[in-house]
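Q: Structure provided below as structure tokens; questions to follow.
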Amino acid sequence: EAKHAGRGRLRYFDQAMSRHASDRYELLDALKAAIERKQFFLEYQPQVDVDGQLRGVEALARWRHPTRGMIRPDLFIAAAEQSGWMGPLGLLLLELACTDLQACRGSGTCIPYVSVNISPKQLADPSFVSVLCNVVERHGLTSRDVELEVTEGSLMDAATSEDAVRRLAALGFRIAIDDFGTGYSSLSRLHRLPVHKLKIDRAFVGQLEGDRVGTSIVESILALADRLGLKTVAEGVETREQSLWLKEAGCTLIQGYYYARPMARERLIDWIQDRRFARGDDAPAPVWSET
Ligand code: C2E
Ligand code: MG
Ligand code: MG
Ligand code: MG
């Protein structure tokens, strides 16, 4: 039932973006109105270290559509990028991430950082660095509180993006390369950039149980990160076997359904407070059904 509804929405948005101009306008109008009405919120997914300690959370955007229900980001981020509304939407999401981080800390919940996904258009915008600094400061946070996830592709796209990454790193923001291994960044460029983390795409993590090839790719990324002095985050870790393998192989952080699904702010606070982050405690949190 829920799955069916999800597929229906997917079809609606896919077709709207590709088919008739009228459908396209309808979607883009809805997106514009949603930004104005602030129908977006963030869910947070924990990143834990090899001891099971919470190190940070990734912020993942959701659109609460008044009639179509919750819409996932792969459906609206691309539309926002294409329509030119990624700027305002990205700003709104940054504000939410900072507000939520402060609220969590205000309730006594220790979250070292929030990791925010930055789209290629945002990063290429020459005003991005100053806009980001302004938001972070206005919320009483520093560059250490906010990590930035950028894709390999966005670094290849524009010289302004590479420049932005240098300036951001100089200001103390940590930079993670998202979905690493799926793009085509040159290793020499990677080496020249002040990047801190590689996020191993979940497609590779999902192949760990299978053949030697999947395992070899993850091993290569971990070895590369080690050589370059970068930390690693494995995405989409769903099983105990994957988690144990990754720890053994030296992966720095683990993120995935095995530990926790993305959660709205209140649930995240409960999750952190319920859970014992005792050293060596590897027990996953209770599994909640997806809402
Ligand atoms: P991503 O940044 O690579 O985020 C990881 C995606 O994997 C998330 O999907 C997350 O819910 C999902 N995931 C996490 N653990 C597991 C697992 O164990 N198994 C499986 N099957 N999936 C897992 P989500 O939330 O649908 O986000 C999809 C993509 O949308 C993100 O990929 C990111 O590229 C983009 N996105 C999300 N939020 C934002 C945002 O605020 N701004 C921008 N520009 N892009 C965003
Ligand atoms: Mg990400
Ligand atoms: Mg990713
Ligand atoms: Mg991914």
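The values are calculated or read from the model by the stated rules, or taken from the named source; none is laboratory data. Note that the structure is predicted; figures quoted are calculated from it, not measured. Cβ atoms come from the backbone with ideal geometry, glycine included; neighbour counts cover every protein chain shown. We work out accessible area using only protein heavy atoms, side chains counted, and drop any ligands, DNA or RNA first. Shrake-Rupley method; radii C 1.70, N 1.55, O 1.52, S 1.80 Å.
Q: Kindly establish whether Asp163 is modelled with pLDDT of 85 or more, closer than 19 Å to Val131 by Cα and surrounded by fewer than 18 Cβ atoms within 10 Å (Cβ to Cβ).
A: Here the answer is yes, as Asp163 does meet what is asked.
Q: Moving on to the next point. Is it true that Ser130 is loosely packed, with under 15 Cβ neighbours inside 10 Å and modelled with pLDDT under 95? Break it down stepwise before answering.
A: On the way: loosely packed, with under 15 Cβ neighbours inside 10 Å: yes; modelled with pLDDT under 95: no.
For Ser130, the condition - loosely packed, with under 15 Cβ neighbours inside 10 Å and modelled with pLDDT under 95 - is not met.
Q: Out of (1) within 18 Å of Val150 (Cα to Cα); (2) surrounded by fewer than 20 Cβ atoms within 10 Å (Cβ to Cβ); (3) away from ligand 4 (no atom under 16 Å from the Cβ), the odd one out for Pro73 is which?
A: Pro73 satisfies all of (1) within 18 Å of Val150 (Cα to Cα); (2) surrounded by fewer than 20 Cβ atoms within 10 Å (Cβ to Cβ); (3) away from ligand 4 (no atom under 16 Å from the Cβ) except (3).
Q: OK, next. I need the full set of residues from the stretch 56-104 which are in contact with a Pro (Cβ under 9 Å, 6 or more places away or on another chain) and among the β-branched types (Val, Ile, Thr), in order please.
A: Val57
Q: Here's something else I'd like to know. Test of understanding: among Arg192, Arg144, which residue is out of contact with any helix residue (DSSP H, G or I) (no Cβ under 8 Å at 6 or more places or on another chain), away from ligand 1 (no atom under 14 Å from the Cβ), basic (Lys, Arg) and closer than 22 Å to Glu58 by Cα?
A: Of the residues listed, the single one that is out of contact with any helix residue (DSSP H, G or I) (no Cβ under 8 Å at 6 or more places or on another chain), away from ligand 1 (no atom under 14 Å from the Cβ), basic (Lys, Arg) and closer than 22 Å to Glu58 by Cα is Arg144.
Q: If you go through the stretch 176-195 one residue at a time, how many are under 16 Å from Val146 (Cβ atoms) and either part of a loop (DSSP other than H, G, I, E, B) or more than 14 Å from ligand 3 (Cβ to nearest atom) (or both)?
A: Within the stretch 176-195, residues that are under 16 Å from Val146 (Cβ atoms) and either part of a loop (DSSP other than H, G, I, E, B) or more than 14 Å from ligand 3 (Cβ to nearest atom) (or both) number 2.
Q: A further question on this structure: Looking at the stretch 56-85 only, could you name the residues that are aromatic (Phe, Trp, Tyr) and in a helix (DSSP H, G or I)?
A: The answer is Phe76, and nothing else.
Q: Can you tell me how many residues within the stretch 226-279 are part of a loop (DSSP other than H, G, I, E, B) and either within 16 Å of ligand 1 (Cβ to nearest atom) or surrounded by 18 or more Cβ atoms within 10 Å (Cβ to Cβ) (or both)?
A: Summing the residues that are part of a loop (DSSP other than H, G, I, E, B) and either within 16 Å of ligand 1 (Cβ to nearest atom) or surrounded by 18 or more Cβ atoms within 10 Å (Cβ to Cβ) (or both) in the stretch 226-279 gives 18.
Q: Being without any contact (Cβ under 8 Å) to a residue 40 or more places away in the chain, of a type in the set (D, E, K, R) and within 16 Å of ligand 3 (Cβ to nearest atom) is the filter here, so list the residues in the stretch 203-258 that pass it.
A: Correct list: Lys231, Glu238.
Q: Then there is this: Limited to the stretch 168-189, what total is found for residues that are of a type outside the set (Asp, Glu), in contact with an Asp or Glu (Cβ under 7 Å, 6 or more places away or on another chain), open to solvent by less than 50 Å² (accessible area, probe 1.4 Å) and within 15 Å of ligand 1 (Cβ to nearest atom)?
A: Residues flagged as of a type outside the set (Asp, Glu), in contact with an Asp or Glu (Cβ under 7 Å, 6 or more places away or on another chain), open to solvent by less than 50 Å² (accessible area, probe 1.4 Å) and within 15 Å of ligand 1 (Cβ to nearest atom) within the stretch 168-189 amount to 5.
Q: Another question, if that's okay. So, of the residues in the stretch 198-220 that are open to solvent by less than 10 Å² (accessible area, probe 1.4 Å) and within 16 Å of ligand 2 (Cβ to nearest atom), which turns out to be farthest from the chain's Cα centre (by Cα)?
A: We begin by selecting, within the stretch 198-220, every residue open to solvent by less than 10 Å² (accessible area, probe 1.4 Å); these are 198-200, 205, 214, 218.
Now drop any that are not within 16 Å of ligand 2 (Cβ to nearest atom), which leaves 198-200, 205.
Working: Leu198: 12, Lys199: 10, Ile200: 12, Val205: 16 Å.
Step by step, filter the stretch 198-220, then rank; the result is Val205.
Q: Still on this structure, I have one more. Would you point out which residue out of Ser119, Ser115 is touching a residue at least 60 places away in the same chain (Cβ under 8 Å) and either of a type in the set (Asp, Glu) or within 19 Å of Asp179 (Cα to Cα) (or both)?
A: From the options Ser119, Ser115, the qualifying one is Ser115.
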